[in-house]
Amino acid sequence: MLGRCYVPQLRLSMIISSSEFVKSAVKPSHYPEEVLPEVAFVGRSNVGKSSLINTLLNRKRLVKTSSTPGRTQLINFFNINKTFSFVDLPGYGYAKVPKSVVKSWGEMIETYLSTRKTLKGVVMLMDIRRDPGKDEQDLVNWFRHHAIPTIFVLTKADKFSNQKKKVHHETCAEALGLSPAEMICFSAKTRLGRDRLLDEIKPWVSEQTNEF
Ligand SMILES: Nc1nc2c(ncn2[C@@H]2O[C@H](COP(=O)(O)OP(=O)(O)O)[C@@H](O)[C@H]2O)c(=O)[nH]1
Ligand SMILES: [Mg+2]
């Protein structure tokens, strides 16, 4: 068509221009106001959650990583690009903590997930080396029951050769009744899966802005 300029539609990855810690909370009265769209990250302690969030944000230590599992007992809120939030939920399933603490962690996570109006979806992390168990199945069922959109990620994929990675990817998916295509293999070390994960998060956080 004459006089009309054709601009190809390029699919751009989400650009992270800023990221900052906002606050920690244990209960709803401590949460930040429900204003920005929010993405929560959940997984067993030591699964690589802090490392994954830092990798997404191109930060080395915004979220503290720990060699002592089970230390993070708070819900941590981060502001990204001044337009959405990432929420680091406390890791569950650390064997050495007392039952009462396990219970309070469970309640803390469940209260957040079931009450937060600005929650757009959850990224659920599982270690690729570990077969998903009852805790994981319960969480998946719970997300389905509450109709919470979920992205599934298999962490520490660099620990395996490609062949082994493929086998474990399929085993993990099957154990949860998912197809392998629904699970992203991720590595904080090699950054495998980073762009795909950001692409999948993007529609959750960009609907109120057209910046991305
Ligand atoms: N090889 C490898 N190690 C990782 C990866 N992600 C995390 N780790 C290690 O796993 C341990 C726990 O990581 P962290 O991010 O603190 O896990 P969190 O407890 O789930 O927040 C640390 O020693 C990390 O260095 C990864 O992608 N590859
Ligand atoms: Mg952590």
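Assorted remarks:
- Taking the Cα centre of the chain as origin and assigning +1 to Lys and Arg Cβ atoms and -1 to Asp and Glu Cβ atoms, the resulting dipole is close to 760 debye.
- Segments 156-163, 121-128 sorted - mean Cβ within 10 Å per residue, highest first: 121-128, 156-163
- Sequence ranges 32-38, 186-192, 16-22, 51-57, ranked by mean other-Cβ count within 10 angstrom, highest first: 51-57, 186-192, 32-38, 16-22
- By definition, a body whose alpha carbon gyration tensor gives a ≥ b ≥ c is oblate when a/c is 1.5 or more and a/b is not larger than b/c, and the range 138-198 fits this oblate description.
- Over all pairs of different C-alpha atoms, the chain has a mean inverse distance whose reciprocal, the Kirkwood radius, equals 18.0 Å.
- Ellipticity at 222 nm from helices only: DSSP H runs of n ≥ 4 in the chain, each -39500 (n - 2.57), divided by the residue count, give -9500 deg cm²/dmol.
Every number in this text was worked out from the coordinates using simple rules, so none of it is lab data. Given the structure is predicted, the values throughout are model-derived calculations rather than measurements. For neighbour counting, all protein chains shown are included, and Cβ atoms are generated from backbone atoms with ideal geometry for every residue, glycine included.
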